[in-house]
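Read through the structure below, which is laid out as structure tokens, and then see the notes.
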There are 2 protein chains.
Amino acid sequence: MSEDLGREMEHIGSKARNAQRRLMGLAPDGKNMALHYMAEFLRRDTGDLLRANRKDLRMAQKCGRDEAFIDRLRLDEARIEKMAEGLEQIAGLPDPVGEITGLAYRPTGIQVGKMRMPLGVIVMIYESRPNVTADAAGLCVKSGNAAILRGGSESLHSNMAIAERLRAALGKAGLPLDLLQYVHTADREAVSILIQMDKLVDVVIPRGGKGLLARIHKEAKVPVIMHLDGNCHVYVDRDADSGKALKIVVNAKTQRLGTCNTAESLLIHRDRADELLLPIAHALQEKGIEIRACPASFPRIHGARLATEEDYGMEYLGPIISLKIVDSLDEAIGHINHYGSQHTESIITENYTHARRFLREVDSSSVMVNASTRFADGFEYGLGAEIGISTNRLHVRGPVGLEGLTLQKWIVLGDGHIRA
Amino acid sequence: MSEDLGREMEHIGSKARNAQRRLMGLAPDGKNMALHYMAEFLRRDTGDLLRANRKDLRMAQKCGRDEAFIDRLRLDEARIEKMAEGLEQIAGLPDPVGEITGLAYRPTGIQVGKMRMPLGVIVMIYESRPNVTADAAGLCVKSGNAAILRGGSESLHSNMAIAERLRAALGKAGLPLDLLQYVHTADREAVSILIQMDKLVDVVIPRGGKGLLARIHKEAKVPVIMHLDGNCHVYVDRDADSGKALKIVVNAKTQRLGTCNTAESLLIHRDRADELLLPIAHALQEKGIEIRACPASFPRIHGARLATEEDYGMEYLGPIISLKIVDSLDEAIGHINHYGSQHTESIITENYTHARRFLREVDSSSVMVNASTRFADGFEYGLGAEIGISTNRLHVRGPVGLEGLTLQKWIVLGDGHIRA
């Protein structure tokens, strides 16, 4: 049985590889046409998509899934319209493929530069939200990649219905249908096979809970664009502006609680604690945030709990924040590099040298001055789209847009040049 | 025992991590000072280095190693001088760390851009040449990384003697000594442990034979900058200039036989076979190259052998080339993408559209027009240095210089900005 599954996955991989290679020989304007047809077909077949989605919803209810789960799974007309609009937005973005940079003459007379190209075949593994099917497909096609999609089994009918419309749109635009394949087998082992096919798959992008990510990290032989924890810090420096500090801390922690760029840890310089500790603590407590405070701040904040060593490393994804008073910028940077998850950190300061040092020395994918960590996002950064936030160091770090789904190859132009 | 070794490697990794973080807080000019001291100390202690090297040479002779091996292992005054000059050249290159690009205002008022930073901790695994110790250390330090070096056991005395001088130079420049550590334990398992320490090591760069690479590919949990086969192609197009074709094919195949950017496979368009097949074949045969020819060309070339399917996928690294007559540019591109190793390919053509299509559609790390594949090299490309040639698709593809040893993080500058 498993051997059959292996052959099936290899077949899917080969079809993806061939479709992607064929795409490179086709006119690039077909991609945008396909994206517009995708939007059109999702809108046109809204009724069918809702019917497919109802099957998934009924099953989820039968299995006693909680309300949050069912809400993520649910499609309605507004959500389908949003998917369609997302595809149209992707069509409007500049095409990253083929861009040539740095082409310059070398002393030997050859011209050397780089050309941006698709990564190749991308496997996306995701959980319940069916809109990921359309988002991921749109971004992969626009960046010239083939996508092999595998969503959660709970959203199988919705995902297959969406994928079918997207494939039809590829066909209508004259592109290979196998640029987009949805893996619908119920066998969980399919994922294990896909993420080990390092000849046929170029990268795996998982989106989902920690269990899924841990499994993929453990099993993958193919490079993974990983999205791990976001234990983000705000550091209120000795030279912080009080108003900015208060505003940014509250926004970074409370604007949304469950996102990876939400602040989970607050550092305050000792010289500003008398002035700022209570106003900031109260503002957070008013928004329902529990404070886990260091031994120096704990006795001063009514209702706080004493932080453990573990708290400093936590991504709470909820109404809790850890708090520590630090003696210096050095201590703050050291604390962040030690306990942080290298996601997003912000310093609040008016001091030029402190800002400059923080930007350079904090080893995170986004480092900010006087701005809320909540800005760490592909749309806010101007990428036009986001397929996820990478916690990798190599290839792409932080929000991943179209460019993160491409690579650069070298090109050399000569006129009969040989090496001496 | 293995537990002790594990602890020892973790200790090395922690020291590297701490040293690299400390470096980020130090003035960047110390790095160039250290590189100059490195060169100075190698020159000053040439006698000691030669003595250490003689121990390795004696052992290699005792073990009956062949001449080529012993030549690679041997140091002499000229080779030590070359190492020193290499370090001085690296000192003269622009510092890649801290470079800010694309910093621009977003509609929200924040400024968003990218800052180039070191990868972190790099493990280099290499075989007999002791000069790699100095080259790798120089490139890692210049790019702000910590290096953990592990050379072949046959060059242990030479490598340790070199590493000792390099560390002394770091100390004299006021930099942390543990930016550079040499792993001298005889236990082969040390490598296995190092390449799985994904919390303490950010990337592994192996340089060596296929056995070493296969082992690292199989065992590594840390990202690897891999250097696999170079089955490079030259395609003589229908619209090739005869003189350029002859010159480039001969250079690409024969200028050096054992390098990864040497041509291993020749494709000739059917319409040019009558004119070019024999002159090219004879020119190659005159240089001692054996031709493994397709069924269409085999009967026409005296002394050729018939190519098997396997020949088209071979990296000979020797005086052999495979040859195939193709019907079209499409067939050439298809053949290269199918049988090639995605290293370096060149088209010989005067046809604008063919050149443009070849550049875009050939999926290799270097794609060339009218130039010898032998140009695929960090120095020829203007990188100023080369730590290897990457056959990865992600992060860095083709020749790897200082930039390949860095990453880009996002920076955000605000003035009290919060997300709405």
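The values are calculated or read from the model by the stated rules, or taken from the named source; none is laboratory data. What you are looking at is a predicted structure, and each value in this text was computed from that prediction instead of being measured. Cβ placement follows ideal geometry from the backbone for every residue including glycine, while neighbour counts extend to all protein chains displayed.
If you go through the range B:350-365, how many residues are within 9 Å of chain A (Cβ to nearest Cβ), farther than 21 Å from residue B:378 by Cα and touching a helix residue (DSSP H, G or I) at 6+ places or on another chain (Cβ under 9 Å)?
3
Check residue A:66 against each of (1) under 17 Å from the mean Cα position of the chain (by Cα); (2) more than 30 Å from residue A:25 (Cβ to Cβ) and name the one condition it does not meet.
The failed condition is (1).
Filter the range A:209-238 down to the residues that are out of contact with any Gly (no Cβ under 8 Å at 6 or more places or on another chain) and in a strand (DSSP E or B), then identify the one that is surrounded by the fewest Cβ atoms within 10 Å (Cβ to Cβ).
So, considering only residues that are out of contact with any Gly (no Cβ under 8 Å at 6 or more places or on another chain) and in a strand (DSSP E or B), the one surrounded by the fewest Cβ atoms within 10 Å (Cβ to Cβ) is A:224.
When you go through A:407, A:402 one by one, which is the residue that is touching a Gly at 6+ places or on another chain (Cβ under 8 Å) and either touching a residue at least 24 places away in the same chain (Cβ under 8 Å) or more than 29 Å from residue B:364 (Cα to Cα) (or both)?
Among A:407, A:402, only A:402 is touching a Gly at 6+ places or on another chain (Cβ under 8 Å) and either touching a residue at least 24 places away in the same chain (Cβ under 8 Å) or more than 29 Å from residue B:364 (Cα to Cα) (or both).
Please enumerate the residues belonging to the range B:259-270 that are crowded, with 20+ Cβ neighbours inside 10 Å and away from chain A (no Cβ under 14 Å).
Filtering the range B:259-270 down to residues crowded, with 20+ Cβ neighbours inside 10 Å leaves B:260-269.
Within the range B:259-270, B:264, B:265, B:266, B:267, B:268, B:269 meet the criteria.
Of all residues being outside any helix (DSSP H, G or I) and surrounded by 22 or more Cβ atoms within 10 Å (Cβ to Cβ) in the range B:326-340, which is nearest to the chain's Cα centre (by Cα)? Just the residue, please.
That would be B:340.
Considering only the range A:194-201, I want to know if a residue exists there that is farther than 30 Å from residue B:363 by Cα and either in contact with a Lys or Arg (Cβ under 6 Å, 6 or more places away or on another chain) or within 13 Å of chain B (Cβ to nearest Cβ) (or both).
no
Filtering the range A:280-325 down to residues that are among the basic types (Lys, Arg) and part of a strand (DSSP E or B), which residue is farthest from the other protein chains (Cβ to nearest Cβ)?
Looking at the filtered set, the residue picked out is A:305.
Out of the residues in the range B:390-414 that are facing chain A (nearest Cβ under 10 Å), assigned to a strand (DSSP E or B) and among the aliphatic types (A, V, I, L, M), state the one that is surrounded by the fewest Cβ atoms within 10 Å (Cβ to Cβ).
B:413
Every residue, every condition in (1) on the phi > 0 side of the Ramachandran plot; (2) buried (at least 21 other Cβ atoms within 10 Å of the Cβ); (3) not charged (D, E, K, R), yes or no:
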{"residue": "B:83", "(1), (2), (3)": "no, yes, yes"}
{"residue": "B:96", "(1), (2), (3)": "no, no, yes"}
{"residue": "B:104", "(1), (2), (3)": "no, no, yes"}
{"residue": "B:109", "(1), (2), (3)": "yes, no, yes"}
{"residue": "B:115", "(1), (2), (3)": "no, no, yes"}
{"residue": "B:122", "(1), (2), (3)": "no, yes, yes"}
{"residue": "B:130", "(1), (2), (3)": "no, yes, yes"}
{"residue": "B:139", "(1), (2), (3)": "no, yes, yes"}
{"residue": "B:145", "(1), (2), (3)": "no, yes, yes"}
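Pick from A:115, A:124: which is in a strand (DSSP E or B) and touching a helix residue (DSSP H, G or I) at 6+ places or on another chain (Cβ under 6 Å)? Walk me through how you get there before you give the answer.
On the way: A:115 fails: touching a helix residue (DSSP H, G or I) at 6+ places or on another chain (Cβ under 6 Å).
Testing whether each residue is in a strand (DSSP E or B) and touching a helix residue (DSSP H, G or I) at 6+ places or on another chain (Cβ under 6 Å) leaves just A:124.
Filter the range A:179-195 for residues that are in a loop (DSSP other than H, G, I, E, B) and under 19 Å from residue A:20 (Cα atoms) and give the result. Spell out the reasoning first.
Applying the first criterion (in a loop (DSSP other than H, G, I, E, B)) to the range A:179-195 yields A:183-188, A:195.
Those that are in a loop (DSSP other than H, G, I, E, B) and under 19 Å from residue A:20 (Cα atoms): A:183, A:195.
Step by step: first the residues of the range A:1-20, then only those that are within 14 Å of chain B (Cβ to nearest Cβ) and under 26 Å from the mean Cα position of the chain (by Cα), then the one that is surrounded by the most Cβ atoms within 10 Å (Cβ to Cβ). Which residue is that?
So, considering only residues that are within 14 Å of chain B (Cβ to nearest Cβ) and under 26 Å from the mean Cα position of the chain (by Cα), the one surrounded by the most Cβ atoms within 10 Å (Cβ to Cβ) is A:16.
Here is a yes/no grid of residues against (1) surrounded by fewer than 18 Cβ atoms within 10 Å (Cβ to Cβ); (2) of a type in the set (Ser, Thr, Tyr); (3) modelled with pLDDT of 95 or more:
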site	(1), (2), (3)
A:240	no, no, yes
A:244	no, no, yes
A:257	yes, no, no
A:276	no, no, yes
A:279	yes, no, yes
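Mind listing just one residue for me: the one in the range B:212-258 that is farther than 20 Å from residue B:290 by Cβ and of a type in the set (Asp, Glu) and, of those, nearest to the other protein chains (Cβ to nearest Cβ)?
B:241
Inside the range A:366-380, can you point out the residues that are facing chain B (nearest Cβ under 7 Å), without any contact (Cβ under 8 Å) to a residue 24 or more places away in the chain and of a type outside the set (D, E, K, R)?
Across the range A:366-380, the qualifying residues are A:367, A:369.
What's the number of the only condition in (1) without any contact (Cβ under 8 Å) to a residue 60 or more places away in the chain; (2) assigned by TED's automatic domain parsing to the domain that holds residue B:262 that residue B:383 fails to meet?
Answer for residue B:383: the failing condition is (2).
Is at least one residue of the range B:228-245 over 30 Å from residue B:191 (Cα atoms) and without any contact (Cβ under 8 Å) to a residue 40 or more places away in the chain? Spell out the reasoning first.
First, the residues of the range B:228-245 that are over 30 Å from residue B:191 (Cα atoms): B:232-245.
Narrowing further to those that are without any contact (Cβ under 8 Å) to a residue 40 or more places away in the chain: B:242-243.
Checked against the condition, which is being over 30 Å from residue B:191 (Cα atoms) and without any contact (Cβ under 8 Å) to a residue 40 or more places away in the chain, the range B:228-245 yields at least one hit.
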